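Participant: Sharing a structure here in structure tokens format.
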């Protein structure tokens, strides 16, 4: 790996601290953006000024929320609202550490029982005290078999709950599950069900009249238009600085940018990458960057010829020049991934050397070893069959325009004819479990999944996102992998668990089931009047500490 | 006339039932399970089945279709999968915005297209005629999203005359209405010119001039009125197209309309919202076409319906 990329990855993986990174950056010529960001946290140039209470900001997002009830909606646009009106039981910080939220502490008292001690003195926005009975109502509602909530799909190990006393709550899991608390940190697991309000307005209307415990409370919502939150004066962690936050949906990227530049909004969430250099050069604006916990990757379906040949799968890994993808398709706004799990996410092992370096010579040597000979058209052949496969993908923030074409060119250089199939994501999702997709461009991250299960989902034969079908070509290898994954899933000793997950990553490297590609950066921009803005690698958008210059 | 209207209304019923059946059948063959999309890829099969059952999407069609029709005639189109709000509420909230935008676009099309077409026809063969038709051609040729972005950049961002996007109020309507109406204005101008030229060559107008009527009376009192039939037809059809085609303008201008709502519903496989939205738009189409037919009778007394 390039020394500069290695330094960046080491910093993001917390293997070196900021001081050491800055020293290396100077020596290696790494340019630190004026925003002071390089993954993780962006600080304003005036962070040394004391925050000022008061004021409001208008935030333009790409989409408008569908509901403010996470029982019914898990879209990212609604998630930014949950980040501010609700709390989670535990909170993940940018470095991946898990910290107390509504749960002040937790303990695994039995292999399948976690005991949460709740924070006292927390009140809902309607004044109700927050107690363990609220959690019971919340989880019973989510896991109601007649109307399961969206969070149920992301908490598969959950079995039941028990109220011990007002501030002690037990969660019982189906099997020993060491990472339950990790799985409770995503915004989709926000504690959102206030029984008093639901009974008062009805379940259907609750999504438009939510009650949470978060730093902001709901004020008004013109559906499809502005959604306004106001400060919670009684927030358990201190009142936020801002009096109000207004969210406004502007789907078109150019319109959203113009709204910032015309002064109609103060903060835009999601900035077109090609606009970043121009905004960074403009003293009126501040660009925020954070390398996300997301990993984009290629899934290889082992049962589909020629991908059932291990040498072919390995050749794909060696042939792709990720640096070009980042430079061209992302305009530098991404980081090369060396593992499926991102730095900061449970399961990431910084000591592993599991990346595929760009080595087309090695790729070609592997193909020739398997008998793939270059044909007259430059595409390799063997026994009358061409070396070709379909690559299915959906263009979006994690697979932007150009990525698939670069991969296609890279593979063509080694004599592999990659046929690009751009399709709707829901269609691909329906076909992946059926084994109909030979190669797929996917992505994983905090916003769509959870920490504890990422490795299980991707590599266990029953995992929700395995899609590799290794058992069809090598049942013994799959059984071996399953055994490692199962052992890691129930291992409570963190060091042992990390070692086991490391074995999973090494297995992946040996079998070339999933090719990790890159971690995209998240981008936002504000005016210089907005301070202490914060981009979290988990794609949260929390306004608790944000403040604006007085007018 | 009343019997004609009643017959048209009654014929709408089997049309809507047929559309409903088609929609249900199409959903059966469309890849993507709404429950799985809502819950995510890692959701257990058990949870997906529970949600599918709660939503009624795993019931056979011979149960789903009658149940939907029975509820729909009572105004209940079900709950949106995305929002869990009544579909009728979401349509009631967004359709007026779309109708306002479409009607405004039609007004723009009429205000620009009619005078342009009359001018071109009365100045046929002159430079005025040529310029008018070139303007019309440009209006039809430039994609609406290009016009929209140009308007935002010039009139909203540079000049500051209008908001960029997302602000409530009628000022926010001007730019999207003009962007939406311009292509239709071009069509209206061309149709008006053609229809007017046809009328201006008729014998009855030669008689009118011979009788001493002023040119303005000839053009506007006689020729224009008789030229209106095909123009009204076009305006009626254009309203339908405008209603269906507002999604691009709604997206660029952040206009909360039915078009963008249905687009989101399709991506989410929100069957109740898709059904409700499509059937509602079909109803509006039928109503608009009926209105056009009634207008024929008012414009031209010779037209009578059995």
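Participant: Averaged over peptide B:281-291, how many Cβ atoms belonging to another chain are found within 10 Å of each residue's Cβ?
Facilitator: 0
Participant: Shifting gears a bit: Could you please state, rounded to a whole Å, how far the C-alpha centre of the stretch A:144-172 is from the C-alpha centre of the stretch B:72-118?
Facilitator: A separation of 42 Å, based on Cα centres.
Participant: Run the simple label-point estimate for residue A:208 and residue B:142 please: 7 Å along Cα→C-beta, distance reported in nm.
Facilitator: 3.9 nm
Participant: Can I ask one more? Calculate the mean, over all residues of peptide A:64-75, of how many other protein chain Cβ atoms lie within 10 angstrom of the residue's Cβ.
Facilitator: Mean partner shielding for this stretch: 4.
Participant: May I pose another question? Neighbour counts of other C-beta atoms within 10 Å: give me A:307, A:387 arranged from fewest to most.
Facilitator: A:307, A:387
Participant: Starting with the highest mean, order A:412-422, A:486-496 by the number of other Cβ atoms within 10 Å, averaged over the residues of each peptide.
Facilitator: Top to bottom by mean Cβ count within 10 Å: A:412-422, A:486-496.
Participant: Considering only B:185, B:156, B:109, give the residue with the highest GNM mean-square fluctuation for chain B, with springs between Cα atoms whenever their separation is below 10 Å.
Facilitator: B:156
Participant: Between the stretch A:174-248 and the stretch A:354-432, what is the separation of their alpha carbon centroids in Å?
Facilitator: Each part reduced to its Cα centre gives a spacing of 44 Å.
Participant: Relative contact order (percent) for chain A, with alpha-carbon contacts under 8 angstrom and 6 or more residues of separation?
Facilitator: 21 percent
Participant: For chain A, find the longest principal axis of its Cα atoms and tell me its angle to the long axis of helix A:494-511, 0 to 90°, nearest 10.
Facilitator: So the helix axis and the longest Cα principal axis differ by about 40 degrees.
Participant: In what sequence do A:236, A:106 fall when counting other Cβ within 10 Å, fewest first?
Facilitator: A:236, A:106
Participant: Further, regarding this structure: What order do you get for A:175, B:147 when you list them from fewest to most C-beta neighbours inside 10 Å?
Facilitator: A:175, B:147
Participant: Sort A:211-222, A:284-295 by the packing proxy (mean of other Cβ within 10 Å over each peptide's residues), most packed first.
Facilitator: Working: A:211-222: 21.5, A:284-295: 24.0.
Highest to lowest by the protection proxy: A:284-295, A:211-222.
Participant: Additional query: If one computes the Cα centroid of the stretch B:178-236 and of the stretch B:130-157, what distance in Å separates the two points?
Facilitator: Cα centroid of the stretch B:178-236 versus Cα centroid of the stretch B:130-157: 25 Å apart.
Participant: Shifting gears a bit: Other chains' Cβ within 10 Å of B:80-89 residues: what's the mean?
Facilitator: That average works out to 5.
Quick note: the coordinates plus some simple rules give every number you see, no bench work behind them. Remember, it's a predicted structure, so these values are computed and weren't measured experimentally. FYI the Cβ positions are ideal-geometry reconstructions off the backbone, even for glycines, and counts take in every protein chain you see.
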